[in-house]
Structures are given as C-alpha cells and as structure tokens.
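The values are calculated or read from the model by the stated rules, or taken from the named source; none is laboratory data. This one's a predicted model, so the numbers in the text were calculated from it and none came from an experiment. Neighbour counts run over all protein chains shown; Cβ positions are idealised from the backbone, glycine included. Surface areas here come from the heavy atoms of the whole protein model, side chains and all, with no ligands, DNA or RNA. Shrake-Rupley method; radii C 1.70, N 1.55, O 1.52, S 1.80 Å.
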Amino acid sequence: MSDSYSLKIRQLRNQLPACLGQERFGLRRALTALEKQPNETRLAELAARMQASMQARARRLQQLPTPDYPAELPVAARREEILAAIAKHQVVIICGETGSGKTTQLPKMCLELGRGVDGFIGHTQPRRIAARSVAARIAEELKTPLGQQVGYKVRFHDRSQPSSYIKLMTDGILLAEIQQDKFLNQYDTLIIDEAHERSLNIDFLLGYLKWLLPKRRDLKVIITSATIDPERFSQHFDNAPII
C-alpha cells in the first residue's frame, strides 16, 4: 500500500464522525475492506459517498426543529434535570403519572440536545392508535405536517420518511426491524414508553437493548414508566438514573 493511499484512508477515517450516524457502520466496514485490499477506484467512490453523507448530516443539523414546551405540564418543570441526565447517561429511567407530559415532551427534549440528527428518535407505544395520535400531537406542537419531521409506522401503514427526526411506532414494529437492522443503526435515540405494562414485546426489547448498548455507545435509551417499581428497570440497565 502506497503512502498516498494510506493517507487517504486516514483522512477518510477522520471524516467519519461528520457522516450520518446511521451510515457510519457501513462506511467504516468499507474503509477497512479497502485498507486490506487497496483499490483506488473504489476508494474514490467511497470518498464521494462519505461527502454526500456529510452534506446530508449538515442539512439535518441545520433543519433541526426548535421545540418549546407547555409550561403547565409537570415534565416541563424538570426539563433542565432531564436534559442533563440524558446528556450524561446512556440510559435514563423517567417516571411520571399519566398526563405529566412525558410521552409528548421527551422526544422534543431529545431534539433540543441535537438527537435525531444521526438517526431517528424512535419512540415506541404499546398500541397502534397511541402511536398515531402521539405522532399527530408532537407534529402539531412542532408546527409541522404529520409525516414530515414527525412520522409514525404501524402495521400496514408507514407515514415516516428518511428526512423525519421523530418516528413513532409500536413495540412490535421495532422488534420486527431488528431482523433487518441488527444494531438499529437507523436510530440515534430510543424512547421505550409505557414500559410498566411489561408486555412480551417490551420485555424482549429491554433484553435486546441490554445486549446492544455496549456495542452502540452512541445510542441513547430512555425508558418511561408510571411510578410503579422503576428500580427494576434501573437495575436491569446497571443502575441507570431515575427521574
């Protein structure tokens, strides 16, 4: 391998953090393959792919929605504490009574932290009607048409697009996606809502995420629950903080 080729490889590796998070895994593997078997033509093609990915990430960052919060919701009063916990920890457990605003406001707080740029903010609901209605509510609060910056995916119906930032879905949809996306690379944040319901889907997801998190250090996970036994969720995720 020539010195100039090695230099190009190093330069492209240094550019990986500026690429879309959901594409970094594939780009890194392609770089490693080209390091083992040099090919100038394929390296030039890969450099063009990375340039396009960096431009796409820059656009997503520029177009990131700026949320505001209804002051009357209890979760809004704890906003600074929640933002600090999400920024500091890979997993956060957030408990609150029904109506506290955690379902609609947490995705917006993730946006405020810059989440959703490298991949979707995935937000699961136990039921299809909840996924649709929560998506509609968040889109309304962000003043954007449903299906654009905020979308949803339920059985037989997908109203999300690659440019979306927040994607509502059922627990079952996220489980099904694991079959094609083992490391859930299309997401940079996951909110598992209503975890206290402890359905089989939720239990499978929590077990899978426990395996996945050490392999995806960039992934943030938020578990929301009513105020029923949140310590069990915290212990499952190595004593994750509870708010």
Would a scan of region 154-172 turn up a residue that is in a helix (DSSP H, G or I) and open to solvent by 10 Å² or more (accessible area, probe 1.4 Å)? yes
Say whether the condition of being in contact with a helix residue (DSSP H, G or I) (Cβ under 8 Å, 6 or more places away or on another chain) and at positive phi is met by at least one residue in region 107-114. yes
Flag if Arg57 is open to solvent by 40 Å² or more (accessible area, probe 1.4 Å) and touching a Cys at 6+ places or on another chain (Cβ under 7 Å): yes
Just give me the residues in region 131-153 being within 21 Å of Asp68 (Cα to Cα), part of a strand (DSSP E or B) and open to solvent by 30 Å² or more (accessible area, probe 1.4 Å), in sequence order. Leu146
Being of a type in the set (D, E, K, R) and closer than 17 Å to Leu205 by Cβ is the filter here, so list the residues in region 153-187 that pass it. Lys153, Arg155, Lys167, Asp171, Glu177, Asp181, Lys182
Residues of region 154-170 classified as under 19 Å from Arg60 (Cβ atoms) and at pLDDT 95 or above, total: 5
Please go through region 95-125 and pick out each residue that is part of a strand (DSSP E or B) and either open to solvent by 20 Å² or more (accessible area, probe 1.4 Å) or at pLDDT 95 or above (or both). Cys95, Phe120, Ile121, Gly122, His123, Thr124
With criteria (1) open to solvent by 70 Å² or more (accessible area, probe 1.4 Å); (2) at pLDDT 90 or above; (3) part of a loop (DSSP other than H, G, I, E, B), Ala71 comes up short on (2)
Enumeration of residues in region 182-226 that are surrounded by 17 or more Cβ atoms within 10 Å (Cβ to Cβ), part of a helix (DSSP H, G or I) and of a type in the set (Lys, Arg): none
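Any chance region 31-51 includes a residue that's part of a helix (DSSP H, G or I) and within 30 Å of Glu140 (Cα to Cα)? If you could, list the steps in order and put the result at the bottom.
Here is the first cut: in region 31-51, the residues part of a helix (DSSP H, G or I) are 31-36, 40-51.
Still in the list and also within 30 Å of Glu140 (Cα to Cα): none.
No, because not a single residue in region 31-51 is part of a helix (DSSP H, G or I) and within 30 Å of Glu140 (Cα to Cα).
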For region 1-30, which residues satisfy the criterion of being open to solvent by less than 50 Å² (accessible area, probe 1.4 Å) and in a helix (DSSP H, G or I)? Tyr5, Ser6, Ile9, Leu12, Leu16, Ala18, Gly21, Arg24, Gly26, Leu27, Ala30
